[in-house]
Amino acid sequence: MSLVARRRTLPDFLTPPPTSFAPTFEEQLAVVRQASPARVRHDLRTAHAPDLLPAALHDAHAADDAPVVRLRDAVCDLLRQYWEVAIEPTWPRMRLLLEADMTYRARQLAVGGARLLFADMHANLRWHNGVLHIDKMISRHRVAASGRGLLLLPSVFAHKPAPPVGPQEPPRLVYPSRGVATLWATPPAADTTALASLLGAPRARLLTLLEEPLATVEIARRLRVTPSAVSQHLRVLHSTGLVTRAR
């Protein structure tokens, strides 16, 4: 029998909310390892509800904490292995994409408030009269975020918005990051036209990308260079009046 819940939900203890702007994988994994046996049991039941736990997880349902601790630690070991093989080699590129999304969302919030912030986040999201509605959820519950805030977590793996499985969890929302389709795109080829001859290939490529507003970290990700290198070229282009900037 599969250990995956029929609803395809993850136990919340495996995805703790970050306590800082950009925690490392090791820091987040340490939080998972500290999850109490009671928390692990509760989250497993919630993730698999309304079904019972599969046979392979029956030990986690028992009163004895030892099997639960072994299960939690075994899952953490598997998570580390998966991180090292599948995620870590390309994490710098993913992180730049996520930071660019956060920059964009912050600008949307500053310009148009919550209405504009959620307007193009996902088709399943609707902001109306101070309430964020999430359509097509597997389990229905209501969470009061007023006074507690709502933590927004862009993801390169999410296909639709996902709040915590349990309504008692701190308010947070995982949503698909902008620009995921460009994550594996190859950098644009060096420009060999007159513009490149005039400005140099790096700055010509920058101007080509800036047909639409982009954050510095997003430009760096697409060109596969450091943000500081992009900033240096942008300062030159800005001083000549070829580009404008906004926070």
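The values are calculated or read from the model by the stated rules, or taken from the named source; none is laboratory data. Keep in mind that this is a model prediction, so the values were computed, not measured. Every residue, glycine among them, receives a Cβ derived from its backbone with ideal geometry; neighbour counts consider all protein chains shown. Note: accessible area is taken over every heavy atom of the protein model, side chains too, but ligands, DNA and RNA are not part of it. Shrake-Rupley method; radii C 1.70, N 1.55, O 1.52, S 1.80 Å.
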Whether any residue in the range 187-199 is under 30 Å from LEU153 (Cα atoms), modelled with pLDDT under 85 and in contact with a helix residue (DSSP H, G or I) (Cβ under 6 Å, 6 or more places away or on another chain) is what I want to check. yes
Pairs with Cβ under 7 Å, 6+ apart, first in the range 137-152 and at negative phi, second modelled with pLDDT of 75 or more and assigned to a strand (DSSP E or B): LEU150/ARG172; LEU150/LEU173; LEU151/ARG172; LEU152/LEU173; LEU152/TYR175
I'm checking my understanding of the structure. Among residues of the range 147-158 that are part of a loop (DSSP other than H, G, I, E, B) and touching a Pro at 6+ places or on another chain (Cβ under 9 Å), which one is farthest from ARG93 (Cα to Cα)? ARG148
Scan the range 173-182 and give yes if some residue there is under 30 Å from HIS48 (Cα atoms), of a type in the set (S, T, N, Q), outside any helix (DSSP H, G or I) and modelled with pLDDT under 75, otherwise no. no
Filtering the range 64-85 down to residues that are more than 14 Å from ARG39 (Cα to Cα) and among the aliphatic types (A, V, I, L, M) yields ALA74, VAL75, LEU78, LEU79, VAL85
In this structure, is THR216 of a type in the set (Val, Ile, Thr), open to solvent by 30 Å² or more (accessible area, probe 1.4 Å) and modelled with pLDDT of 85 or more? yes
Can you tell me which residues in the range 227-247 are of a type in the set (Ser, Thr, Tyr), closer than 25 Å to PRO92 by Cβ and loosely packed, with under 12 Cβ neighbours inside 10 Å? SER228
I need the full set of residues from the range 214-247 which are free of Cβ contacts under 8 Å to residues at least 60 places away in the same chain, part of a helix (DSSP H, G or I) and of a type in the set (A, V, I, L, M, F, W, C), in order please. ILE219, LEU223, ALA229, VAL230, LEU234, VAL236, LEU237
Would you check if there is a residue in the range 101-108 being within 30 Å of GLY130 (Cα to Cα), under 21 Å from the mean Cα position of the chain (by Cα) and free of Cβ contacts under 8 Å to residues at least 40 places away in the same chain? yes
For the range 49-67, does any single residue satisfy the condition of being assigned to a helix (DSSP H, G or I), open to solvent by less than 70 Å² (accessible area, probe 1.4 Å) and in contact (Cβ under 8 Å) with a residue 60 or more places away in the chain? no
